[in-house]
Amino acid sequence: MNYSKKTVTDIDVKGKKVLLRCDFNVPQDKATGEITDDKRIRAALPTIQYLLDQGAAVIACSHLGKPAATFDSYVKKQAEKGKDPASVTEEEWKKSLQKLSLAPVARRLGELLGKDVVMASDVVGPDARAKAAALQPGQILLLENTRFEKGETKNDPALAKAMADMAEVYVSDAFGAVHRAHASTAGVAAYLPAVSGFLIQKELEIIGGALQSPKRPLVAILGGSKVSSKIGVINNLLEIADTIIIGGGMAYTFSAAQGGNVGASLLEADWEDYANDMVKKAAEKGVKLLLPVDTVCADAFAPDANTQVVKSGEIPDGWQGLDIGPETVALYCAAVKDAGTVIWNGPMGVFEFAAFAKGTEAVARALSETDAITIIGGGDSAAAVQQLGYADKMTHISTGGGASLEFMEGKELPGVACLLDK
Ligand code: ADP
Ligand code: MG
């Protein structure tokens, strides 16, 4: 994939209507609807501010959550949850949509920008079209949740064209959604000159740069829960990295594949052959593959479980490995020390419990102390680094969990591929 894409600074936006796809998919309090973390809104500010300063009229849009775009699909979802379809009312459906309105985002965005954000009550309906038509340079309009339109996730060309018709330029800054080929993330680019905002530009420069021409040695640290969810990443990074470090829950599948006892640890028995293939492939390619040598295991999956440190492959029956052990920590931290680039995806243990956060914390600290370019991808890894207080020390924490994973898998990202090449 070509990562060299035109960005907002490469085109003239002065006096133009700019359709800006943001990632305003923010977490909200279930009961009050209050935005519990506005990080994603803040992340969008540089591009929005730049466009406004340039004298563009900004028509922002985003999805929020997973609304049922039609009553039928709402009934289906409720039925899947075990509800009697006959008892589901349209009223209920409309209420469920209201909960996913972007109106609270418009208010928060207005506070952060220190200016009015006009809110449209629809995406491409009469209200949105009228407000977009009336929008002046330096003003900003936010369209309603793009997923209220059933054509959004289907990448319906009619919806994409209707969105494009309101604007003259398309800017995509929703890195968190670029792995999806939806009307507002990719389809719309067929009808307008399409460029990236600053967020996507940075993701492409840093992650794309590390994948294409990394400062070596390139060390990839892979962890998290399952091998099956990281196959693509392991496979792709085996082609690129000098060293691959395995931790987290997936390490036990590697251990079991080598004949070790993993007790009650997370194990994907179907993936053992695959794990062995990866070890073989690493050897063939001359990639150093590091596996844990010891593990912290517990007698229950609980924050206050009894724990003991054992050698890898020697976990007693009934016990489960929930973190890498101290010898492994030392080994992994040493491997990171002289790296030129470190890509990290997946925590080393169940960091959500303090008793099993030591491995993840030690690796985070080691990364914070290297001179290497440090890149964190994956939703939980980003959360772990933030929670442990090392966020400021990393070169880059990706703003897209799923998108960064697909990026590291070497997959084409539809929301990037559709942008103009430099
Ligand atoms: P990311 O979102 O960064 O890609 P994953 O979703 O793959 O990461 O994995 C994160 C989850 O893996 C965390 O919730 C963590 O608790 C879990 N995990 C890590 N190590 C283990 C383990 N040894 N056993 C069970 N779960 C684990
Ligand atoms: Mg995750």
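The values are calculated or read from the model by the stated rules, or taken from the named source; none is laboratory data. What you see is a predicted model; the values in this text were computed from it and never measured. Glycine gets a Cβ as well: all are built from the backbone with ideal geometry, and neighbour counts include every protein chain shown.
Out of region 124-175, which residues are touching a Lys or Arg at 6+ places or on another chain (Cβ under 6 Å) and closer than 30 Å to residue 404 by Cβ? Scanning region 124-175 gives 141, 167, 169, 172, 174.
Cβ-Cβ distances below 8 Å connect the following pairs, each with a first residue in region 391-406 that is among the charged types (D, E, K, R), a second residue that is surrounded by 16 or more Cβ atoms within 10 Å (Cβ to Cβ), and a separation of six or more residues or different chains: 393/367; 393/368; 393/374; 406/179; 406/413. Of all residues in region 361-379, exactly one satisfies the criterion of being within 16 Å of ligand 2 (Cβ to nearest atom) and either among the polar types (S, T, N, Q) or surrounded by fewer than 19 Cβ atoms within 10 Å (Cβ to Cβ) (or both), namely 379. Just one residue in the set 340, 359, 313, 318 is under 29 Å from residue 3 (Cα atoms) and either free of Cβ contacts under 8 Å to residues at least 40 places away in the same chain or in the same structural domain as residue 247 (by TED's automatic domain parsing) (or both); that residue is 340. Assess whether residue 352 counts as being farther than 30 Å from residue 195 by Cβ, acidic (Asp, Glu) and within 14 Å of ligand 2 (Cβ to nearest atom). Here the answer is yes, as residue 352 does meet what is asked. Take residue 307 and tell me if it is within 13 Å of ligand 1 (Cβ to nearest atom) and touching a residue at least 24 places away in the same chain (Cβ under 8 Å). Yes: the conditions hold for residue 307. Of the residues making up region 398-422, those that are within 11 Å of ligand 1 (Cβ to nearest atom) and aliphatic (A, V, I, L, M) are 405, 408. Across region 152-168, not a single residue is classified as touching a Gly at 6+ places or on another chain (Cβ under 6 Å) and under 20 Å from residue 46 (Cα atoms). Looking for something more than 17 Å from residue 217 (Cα to Cα), away from ligand 2 (no atom under 16 Å from the Cβ), in the same structural domain as residue 388 (by TED's automatic domain parsing) and modelled with pLDDT of 95 or more - is there at least one such residue anywhere in region 330-337? Yes, region 330-337 contains a residue that is more than 17 Å from residue 217 (Cα to Cα), away from ligand 2 (no atom under 16 Å from the Cβ), in the same structural domain as residue 388 (by TED's automatic domain parsing) and modelled with pLDDT of 95 or more. When residue 232 is tested against (1) modelled with pLDDT under 95; (2) under 15 Å from residue 287 (Cα atoms), just one condition goes unmet, and that condition is (2). Of all residues in region 340-355, those satisfying the criterion of being more than 7 Å from ligand 1 (Cβ to nearest atom) and in a strand (DSSP E or B) are 341, 342, 343, 344. Please verify whether residue 217 is assigned by TED's automatic domain parsing to the domain that holds residue 41, touching a residue at least 40 places away in the same chain (Cβ under 8 Å) and not hydrophobic (A, V, I, L, M, F, W, C), treating the condition exactly as stated. Considered against the rule, which asks whether it is assigned by TED's automatic domain parsing to the domain that holds residue 41, touching a residue at least 40 places away in the same chain (Cβ under 8 Å) and not hydrophobic (A, V, I, L, M, F, W, C), residue 217 comes out as no.
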